[in-house]
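Take a look at the structure set out below.
The values are calculated or read from the model by the stated rules, or taken from the named source; none is laboratory data. Here the structure is a predicted model, which means the values were calculated and not measured. Every residue, glycine as well, gets a Cβ built from its backbone with ideal geometry; the counts of neighbours run over all protein chains shown. Note: areas computed on protein heavy atoms with side chains; ligands, DNA, RNA excluded. Shrake-Rupley method; radii C 1.70, N 1.55, O 1.52, S 1.80 Å.
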Amino acid sequence: MTIRVATYNVRGMRDSVPALTRVITAMRADVLCVQEAPRLRKPRRAALAAGAGLRVATPGRVGGVAVFAGPRVRVLHAESHALRVFLGLERRALALAVLEVDGARLAVGSLHLDLNGPARVHHAAEAVALMERAAGRFGATIVLGGDLNEQAHQPAWRFLAARLADCYAVAPEGDGLTFTAARPALRIDGVFAARDARVVSCGGADAPIADLAAASDHLPVIAELRVGH
């Protein structure tokens, strides 16, 4: 069974919402991990999901993270976890949903790491522990999407890639650059999957360049995964 899992920092929907909706629709994701979803106006994230044919699967607004699910996805369980507070830094959280698609179960998490290096490493480890607990409870395959605010050679990314497959590194499509959307120069967003999932491909959205630049300051990442038998 093949499933499309994507991650996208939508910058609080402060840019062009019509362009953002078109980009998300073009992604054709079964599951979308969102970062910088609006925190104070919950109906806006629900409207964004609905506009692209998705629905919000996770509760809570702490940390601006969420998981959206598509029509063929059944939500079995959902959690929102505030991560350790670091004095003077922004509150961070993990949005986690256990999903079922055609009999295959996924534990999908959305994560947005800090600009502070030690905080990123701690939160990455905290998130993986929470994901492993949920995956073990439901017999699900872990998939984690997020804005890591660092590159593949740095500690938090290396920590995640040691425990999960960096999907773009396994089956890359395109140059993989995600920031900035207007002038992509860095790969700081990614999808990571447990090694029992086969990564078919991982790359960007097939959307007009003008929409990608107008929708957010990040570019989305989409991984096509084969899970189950």
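Do we find a residue being closer than 30 Å to P18 by Cβ, open to solvent by 10 Å² or more (accessible area, probe 1.4 Å) and not aromatic (F, W, Y) anywhere in segment 128-141? No, because not a single residue in segment 128-141 is closer than 30 Å to P18 by Cβ, open to solvent by 10 Å² or more (accessible area, probe 1.4 Å) and not aromatic (F, W, Y). Pairs are defined by a Cβ separation below 6 Å, a sequence spacing of at least 6 or placement on different chains, a first member in segment 205-229 that is loosely packed, with under 15 Cβ neighbours inside 10 Å, and a second member that is among the β-branched types (V, I, T); the pairs so defined are R226/T2; R226/V200. Does segment 78-115 hold any residues that are farther than 15 Å from G146 by Cβ, open to solvent by 20 Å² or more (accessible area, probe 1.4 Å) and touching an Asp or Glu at 6+ places or on another chain (Cβ under 9 Å), and which are they? Selection gives R84, F86, L89.
When the residues of segment 143-158 are filtered to those that are open to solvent by less than 60 Å² (accessible area, probe 1.4 Å) and out of contact with any Lys or Arg (no Cβ under 9 Å at 6 or more places or on another chain), the one that is farthest from V227 (Cα to Cα) is D147.
For segment 15-40, the set of residues classified as of a type outside the set (A, V, I, L, M) and at pLDDT below 95 consists of P38, R39, listed by residue number. The condition of being open to solvent by less than 10 Å² (accessible area, probe 1.4 Å), among the charged types (D, E, K, R) and not in a strand (DSSP E or B) holds for only one of R45, R39, that being R45. Among residues of segment 142-162 being aliphatic (A, V, I, L, M) and in a strand (DSSP E or B), the one that is nearest to V199 (Cα to Cα) is V143.
Among the residues of segment 1-36, those identified as crowded, with 20+ Cβ neighbours inside 10 Å and of a type in the set (G, A, S) are A6, A29.
Close Cβ contacts (under 8 Å, 6 or more residues apart or on different chains) running from residues in segment 178-197 that are touching a residue at least 24 places away in the same chain (Cβ under 8 Å) to residues that are open to solvent by 10 Å² or more (accessible area, probe 1.4 Å) and of a type in the set (F, W, Y) comprise L186/F179; R187/Y168; R187/F179; I188/F179; D189/F179; G190/Y168; V191/Y168.
For segment 166-204, filtering for residues that are part of a strand (DSSP E or B), in contact with an Asp or Glu (Cβ under 6 Å, 6 or more places away or on another chain) and either modelled with pLDDT under 95 or open to solvent by 20 Å² or more (accessible area, probe 1.4 Å) (or both) leaves 1. Cβ separations smaller than 7 Å between residues 6+ apart or across chains give the following pairs from segment 104-124 residues that are farther than 20 Å from E36 by Cβ to residues that are part of a loop (DSSP other than H, G, I, E, B) and open to solvent by less than 10 Å² (accessible area, probe 1.4 Å): A104/V227; L106/V227.
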